[in-house]
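Below: the structure, in structure tokens.
The values are calculated or read from the model by the stated rules, or taken from the named source; none is laboratory data. Just so it is clear, the model here is predicted, and its values are computed rather than measured. Backbone-built Cβ (ideal geometry, glycine too); neighbour counts: all protein chains shown.
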Number of protein chains: 2
Amino acid sequence: MSVSKPSIHDVATLANVSKSLVSLALMGSPKVGEESRAKILVAAETLGYRKNAAARTLAAKRSKTIGVLVLDLHNPVFAEILDGVQIEMRKNGFTTMLVSGGEDPVFEQSDIETLLQFQIEGLILISHRLAPERLAAIAAEVPTVVVTRSDIQLPAMDTVSNDDVAGTGLAVDFLVTLGHSKIVCLSGGENPPSNSRVQGYLQAMERNNLSESARVVPGGLSDATGYAAATKALKLSPTALVVANDFAAMGAIAAIQEAGLRVPEDISVIGYDGISIGGLKNVNLTTVSQPLAELGTLAATRLVERINNPKEPAKQITVSAQLLVRGTTKEPTGATELAN
Amino acid sequence: MSVSKPSIHDVATLANVSKSLVSLALMGSPKVGEESRAKILVAAETLGYRKNAAARTLAAKRSKTIGVLVLDLHNPVFAEILDGVQIEMRKNGFTTMLVSGGEDPVFEQSDIETLLQFQIEGLILISHRLAPERLAAIAAEVPTVVVTRSDIQLPAMDTVSNDDVAGTGLAVDFLVTLGHSKIVCLSGGENPPSNSRVQGYLQAMERNNLSESARVVPGGLSDATGYAAATKALKLSPTALVVANDFAAMGAIAAIQEAGLRVPEDISVIGYDGISIGGLKNVNLTTVSQPLAELGTLAATRLVERINNPKEPAKQITVSAQLLVRGTTKEPTGATELAN
DNA sequence: ACCTTTCGTTGGAACGTTCCAACAACTATG
DNA sequence: CATAGTTGTTGGAACGTTCCAACGAAAGGT
């Protein structure tokens, strides 16, 4: 009944039991007598008692908390993955601590340091910019699952990602089915997922016997870089563009329209990721959509498994992407003329 | 040198000093001798020592941590506000714990409960769906700053928000300057910020002597609701639309285009918020932009002040919005014809 | 040479929990 | 009727820090 926050001890004296029994009751132990349990619950309620997570963590030697680092909170892709993570973690009784380094490896490192100070039991990295050796050091300290990147594989680290090669293949195959052959790829720059997507493009062009018309224009993952890359790509007079991600695809569309051409009548465009704004009525972007929330839940369930059974070997989980046909793709006009 | 994580005590024995001195050194106390400090730092480094935040919080009786609840991580508005918060909090040596209730008041409540268990010293609510009495209970327990909503004011709670009435006025005034008079407002539904924006529209129409042509069409804050509202609004044959937020404005634009009209040639559209995707080249939305990051830093500095000086009275801080003219506004074609 | 201050350092108490061994009061067992 | 469980409860130790009062040594003032 002190002036400061009530502790378990205050609850105990009010309920006329020992502090140990209060602890047991609040943890939901079945060994607590019905009568005492009721008394304790009432006492806790009247005092407005709230558990002290710091003390709990210290005494129990486990925090029931996991950390999540996301590359960039501005990109809705990550919010959707996070949804999946949160839902699953709540189910398993874990608290999620979320940090974002804002694409800066230095911040990422110090944020992870903070998470570790909070005694997190596991870590999910939703994309990251960490060097492999830093990653290895982290994975050695705490069970770690990396989402979205599968390029770095470590024995102690799980990965959950989509199959970029196959996904991009889906896009190319679809365009070929529509009758396109002058299909240009705008790359996402020099980073692992983008490389796989280019790979997927090249393989798909080959299997459709279009190897010699395959063209890759270097680009990036943002609106602006997509715009710039598309401007260059237009000189190749393509009938379709396969772009590294949805943001860049939106930039590409702007470039096409500014050049006086129409999407999809003159040029078809396909993005990658399936971000929700791509579905906005005035965007309506055809895209290869990753099951984002599913990536999140998979990562979370995997991490929980790992926490409960640390000696289990790491897994590499791959989910398949899916083509989402919306309004930016169409048969090429005058297919014969362009068949060349 | 135990098998488990090194504690301050392990560092002490290795450096041949007392644990108290290690604590002092690691907190950066100036009373520690130069020689000892060096020894301790080396020892900590070689052991890979890391502070235990739980123990620290327990002993120091303060967590150096604040909590942030955001309404919805999918909406980039909130990510941008968060940027401001994070930067400022880092500067002040606080760790930020981020949670999102996903627009569900029940989750919001339980998330805040979790934050309080972690002994947060302050709370920032970036929009919320909490009932006023819940809010009051929370603000009574921990210094609280509400960002984006200024409708509920409590003696123990600061608010930081933009002036929606003035902001919407800016949009209307600009359209009038361009020569528009048939300006229709698409509301954002029944919630406090949306009501203020409608208010701002009505006041601005009045001061421009356009009261009798003022029309408000009920809508919402999403793409879909904006689309629906715009479809209805078109029957009023407006030359310009003032929309509750950017997402709804994008929906509205789609509706206009589907009706065979062009933006901005036939109808001008202005949104509200200034989300970054509004700047994408193929969106290019004219909007009333809030200084989002600034809202964040203001909230954070305010909270730190409050934590350091709890008896200070609460403040209501208002920042002004700014018109961001991009590509969805233009003089009405044949202004005379439409002047009516 | 003495007292006083300053500097660097120390052990121990606290913080609010969980965990464990121990125990009293019953109930069942042979 | 003694023994063995079972059920509910308990005090105390531990967790890894910070904080505080206290202290020895060196330095300064008279």
Here is a check on your reading of the model: is residue B:104 within 11 Å of chain A (Cβ to nearest Cβ) and either away from DNA strand C (no atom under 16 Å from the Cβ) or in contact with a Cys (Cβ under 6 Å, 6 or more places away or on another chain) (or both)? no
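Here's the yes/no breakdown for (1) out of contact with any Ser or Thr (no Cβ under 7 Å at 6 or more places or on another chain); (2) among the charged types (D, E, K, R):
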residue: A:212; (1), (2): yes, yes
residue: A:219; (1), (2): no, no
residue: A:247; (1), (2): no, no
residue: A:252; (1), (2): yes, no
residue: A:262; (1), (2): yes, yes
Restrict the check to segment A:153-167 and report whether at least one residue is modelled with pLDDT under 95 and under 17 Å from residue A:105 (Cα atoms). no
Identity of the residue in segment B:137-150, outside any loop (DSSP other than H, G, I, E, B) and closer than 20 Å to residue A:6 by Cβ, that ends up farthest from the other protein chains (Cβ to nearest Cβ): B:139
Checked segment B:41-57 for anything in contact with a Ser or Thr (Cβ under 9 Å, 6 or more places away or on another chain) and facing chain A (nearest Cβ under 7 Å); matches are B:52, B:53, B:54, B:55, B:57
Looking at (1) more than 10 Å from DNA strand D (Cβ to nearest atom); (2) modelled with pLDDT of 95 or more; (3) not aliphatic (A, V, I, L, M), which is the one condition that is false for residue B:35? (2)
Before we move on, is residue A:56 in contact with an Asp or Glu (Cβ under 7 Å, 6 or more places away or on another chain) and either under 30 Å from residue B:59 (Cβ atoms) or part of a loop (DSSP other than H, G, I, E, B) (or both)? no
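Here is a yes/no grid of residues against (1) in the same structural domain as residue A:85 (by TED's automatic domain parsing); (2) under 22 Å from the mean Cα position of the chain (by Cα):
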| site | (1), (2) |
| --- | --- |
| A:222 | no, yes |
| A:242 | no, yes |
| A:259 | no, no |
| A:263 | no, no |
| A:273 | no, yes |
| A:281 | no, no |
| A:296 | yes, yes |
| A:301 | yes, yes |
| A:314 | yes, yes |
In segment B:205-241, what residues are over 20 Å from residue B:191 (Cβ atoms), away from chain A (no Cβ under 14 Å) and not in a loop (DSSP other than H, G, I, E, B)? B:205, B:206, B:207, B:211, B:212, B:213, B:215, B:234, B:235, B:236, B:240
Residue B:159: passes all of (1) within 14 Å of chain A (Cβ to nearest Cβ); (2) crowded, with 18+ Cβ neighbours inside 10 Å but (1)
Could you check, for segment A:104-122, whether at least one of its residues is under 14 Å from the mean Cα position of the chain (by Cα) and either closer than 25 Å to residue A:221 by Cα or not assigned by TED's automatic domain parsing to the domain that holds residue A:271 (or both)? no
Filtered residues of segment B:20-53 (kept if assigned to a helix (DSSP H, G or I) and closer than 24 Å to residue A:141 by Cα): B:22, B:23, B:26, B:40, B:41, B:42, B:43, B:44, B:45, B:46, B:47, B:53
Could you please let me know if residue A:78 is out of contact with any helix residue (DSSP H, G or I) (no Cβ under 8 Å at 6 or more places or on another chain) and without any contact (Cβ under 8 Å) to a residue 40 or more places away in the chain? no
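Residues checked against (1) touching a Gly at 6+ places or on another chain (Cβ under 6 Å); (2) within 29 Å of residue A:73 (Cα to Cα):
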residue: A:211; (1), (2): no, no
residue: A:214; (1), (2): no, no
residue: A:217; (1), (2): no, yes
residue: A:234; (1), (2): no, no
residue: A:240; (1), (2): no, no
residue: A:253; (1), (2): no, yes
residue: A:259; (1), (2): no, no
residue: A:283; (1), (2): no, yes
residue: A:288; (1), (2): yes, yes
Please go through segment B:11-37 and give me each residue that is more than 10 Å from DNA strand C (Cβ to nearest atom) and either closer than 20 Å to residue A:113 by Cα or small (Gly, Ala, Ser) (or both), ordered by number. B:11, B:26, B:27, B:28
Please go through segment B:1-26 and give me each residue that is within 26 Å of residue A:62 (Cβ to Cβ), within 10 Å of DNA strand D (Cβ to nearest atom) and more than 14 Å from every other protein chain (Cβ to nearest Cβ), ordered by number. B:9, B:10, B:11, B:12, B:19, B:22, B:23
In segment A:173-197, what residues are outside any loop (DSSP other than H, G, I, E, B) and touching a strand residue (DSSP E or B) at 6+ places or on another chain (Cβ under 6 Å)? A:174, A:175, A:183, A:184, A:185, A:186
Tell me, yes or no, whether segment B:67-81 has at least one residue that is within 14 Å of DNA strand D (Cβ to nearest atom) and in a loop (DSSP other than H, G, I, E, B). no
Which of (1) in contact with a helix residue (DSSP H, G or I) (Cβ under 7 Å, 6 or more places away or on another chain); (2) near DNA strand D (Cβ under 8 Å from one of its atoms) is the odd one out, the single condition residue A:43 does not satisfy? (2)
Tell me which residues, restricted to segment B:82-101, are in contact (Cβ under 8 Å) with a residue 60 or more places away in the chain and more than 10 Å from chain A (Cβ to nearest Cβ). B:84, B:85, B:88, B:89, B:92, B:94
